[in-house]
Every structure is written in structure tokens, then in C-alpha cells.
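*Asks:* Below: one structure in C-alpha cells.
The values are calculated or read from the model by the stated rules, or taken from the named source; none is laboratory data. Everything numeric in this text was worked out from a predicted model, so none of it was measured. Neighbour counts run over all protein chains shown; Cβ positions are idealised from the backbone, glycine included. Note: areas computed on protein heavy atoms with side chains; ligands, DNA, RNA excluded. Shrake-Rupley method; radii C 1.70, N 1.55, O 1.52, S 1.80 Å.
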Amino acid sequence: MNEYVTGTTIKKLREQKGMTQAELADKIFVTAKAVSKWETGHGLPDISLLEPLGKALGISIIELLNGQYIQNKNRAANMKKSCFYVCPVCGNLIQATGEATISCCGITLPVLQAEECDEQHQIKIEQIEGEYYVTSNHPMTKEHHLSFLAAVSDNNVQTVKLYPEGNAEAYFRIERVSKIYAYCNRHGLFVLDV
């Protein structure tokens, strides 16, 4: 990212809204010439203009700062399309029903990409009285541990936070569960199809 706001993003969104440069300029109280400079890469909007510019274009400030416009293609909100984000600073877990621009502790978080379970990150499932009992033999030390387990169905995400020196185990309602996720603080997200 060479610039903190890309002119191509501003131009694309302005055109999608059916606005001229002059109309956008009027909405945020600048000149059409200023908007033209931004769009051609000959200038950047002042930081004080980011909020009004985002509102006028229907985009978040974070998306403007990234230079990326993320359009929600997950309009049906199928929970099977859930995405997980983990903050490397505070360990905060954020789950969204589709890809989004998520920020925590001043960092834009990438969506976690799930990998198939390997020997070190195996997930075991037992059915006990209408629930899945999910376990793993993964180490649970302060330096290397699973920090959450999650069960995802088409209408629900069940998440259990795990802690170092605790057990890597959780109970989930069986109802329509199709995937079990485990997040290792060193190696990332792993998935097992149920």
C-alpha cells in the first residue's frame, strides 16, 4: 500500500453511486478539482475528510485506508460461510458471516484460511447424548495451544474459548453441524468436515 487512500477506489465508488466529481465535492465541502487530484493520484484527501468521504461513498474508513472495497456477497447469511479473525496482539476472536474488514488493536486482521487437519492438529469427535464431544491431543502450553474450537452449521456457530494449561475439549449441539474448527496460536486454523 503506497498511499493510504487509493484514487481508483474513490473513482470506482463515486461512479457506482452515479455521482460526478462536482457532486461528491459538494457533499464533503471540497472542490471538484481536489476530487480530480485524488482520483488521478496527484493528491490525497486530508485525514479530516476520511469520515465524510466514507459516508458519501458508502464505505468504511478502514476500507478507504486499505484501498479495498469489500462488497458483501454473502447476502443470505449462511453460517457455513463464516469467517474467523484473531488479533495477534490481544487474542480477540471475531467471527463474521462473511468476509469483512475487521480491525483490532489498530491492526487490520486477515481472514483466517482453514487447512485440513494434520498429525499435530487432529480433532476427535464422539457423539454423547445428543452432543458432539470434541477433543484434541494438541499441546496446551502458554507458548503453544489451541485457543478456540468452533462448530459451524448452516444456521449457527458455536464457539468455545480454550486456555493454556486447560483441556482441549468442548461440547457442541449436534444439530446440523457440518464443520469443526480448531485454532492453534502458532499454526493457524484447522477444519474437520463432520
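Conditions (1) under 30 Å from Leu64 (Cα atoms); (2) touching a strand residue (DSSP E or B) at 6+ places or on another chain (Cβ under 6 Å); (3) among the aromatic types (Phe, Trp, Tyr), marked per residue:
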| position | (1), (2), (3) |
| --- | --- |
| Ser82 | yes, yes, no |
| Cys87 | yes, yes, no |
| Asn92 | yes, yes, no |
| Tyr132 | no, yes, yes |
| Ser147 | no, yes, no |
| Ser153 | no, yes, no |
| Leu192 | no, yes, no |
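*Asks:* Right, another one. Being closer than 12 Å to Tyr181 by Cβ, surrounded by 13 or more Cβ atoms within 10 Å (Cβ to Cβ) and among the β-branched types (Val, Ile, Thr): is that true of Val157 here? Give the steps one after another, and end with the answer.
*Replies:* Values: closer than 12 Å to Tyr181 by Cβ: yes; surrounded by 13 or more Cβ atoms within 10 Å (Cβ to Cβ): yes; among the β-branched types (Val, Ile, Thr): yes.
Answer is yes for this residue.
*Asks:* Filtering segment 13-22 down to residues that are more than 19 Å from Leu50 (Cβ to Cβ) and assigned to a helix (DSSP H, G or I), which residue is least open to solvent (accessible area, probe 1.4 Å)?
*Replies:* Initial filter on segment 13-22 (more than 19 Å from Leu50 (Cβ to Cβ)): 15, 18, 20, 22.
With assigned to a helix (DSSP H, G or I) added as a condition, the list becomes 15, 22.
Values: Glu15: 102, Ala22: 47 Å².
Applying the filter and picking the extreme gives Ala22.
*Asks:* Can you tell me which condition Ser136 does not meet? The list is (1) open to solvent by 50 Å² or more (accessible area, probe 1.4 Å); (2) under 15 Å from Ala170 (Cβ atoms); (3) among the small types (Gly, Ala, Ser), and all the others hold.
*Replies:* Failed condition: (1).
*Asks:* Now for a separate question. Which one is farthest from Lys81 (Cα to Cα) among residues in segment 147-185 that are without any contact (Cβ under 8 Å) to a residue 24 or more places away in the chain and in a strand (DSSP E or B)? Walk me through how you get there before you give the answer.
*Replies:* Here is the first cut: in segment 147-185, the residues without any contact (Cβ under 8 Å) to a residue 24 or more places away in the chain are 158, 160, 162-163, 175-176.
Those still in the list that are in a strand (DSSP E or B) too: 158, 160.
Working: Gln158: 14, Val160: 19 Å.
Top of the filtered list is Val160.
*Asks:* Here is a follow-up. Please work out which residue is farthest from Glu51 (Cα to Cα), limiting yourself to segment 62-107 and to residues that are among the basic types (Lys, Arg) and at pLDDT below 80. Give the derivation first.
*Replies:* Going residue by residue through segment 62-107, those that are among the basic types (Lys, Arg) are 73, 75, 80-81.
When the remaining residues are screened for being at pLDDT below 80, the result is 73, 75, 80.
On the way: Lys73: 24, Arg75: 25, Lys80: 33 Å.
The extreme case among them is Lys80.
*Asks:* Read through the list (1) modelled with pLDDT of 95 or more; (2) open to solvent by 40 Å² or more (accessible area, probe 1.4 Å); (3) assigned to a loop (DSSP other than H, G, I, E, B), then give the number of the only condition that Lys142 fails.
*Replies:* With (1) modelled with pLDDT of 95 or more; (2) open to solvent by 40 Å² or more (accessible area, probe 1.4 Å); (3) assigned to a loop (DSSP other than H, G, I, E, B) applied to Lys142, the lone miss is (1).
*Asks:* Checking the conditions here, which among Glu3, Glu23 is acidic (Asp, Glu) and at pLDDT 90 or above? Steps first, please.
*Replies:* Details: Glu3 fails: at pLDDT 90 or above.
Selected residue: Glu23, the only one of Glu3, Glu23 that is acidic (Asp, Glu) and at pLDDT 90 or above.
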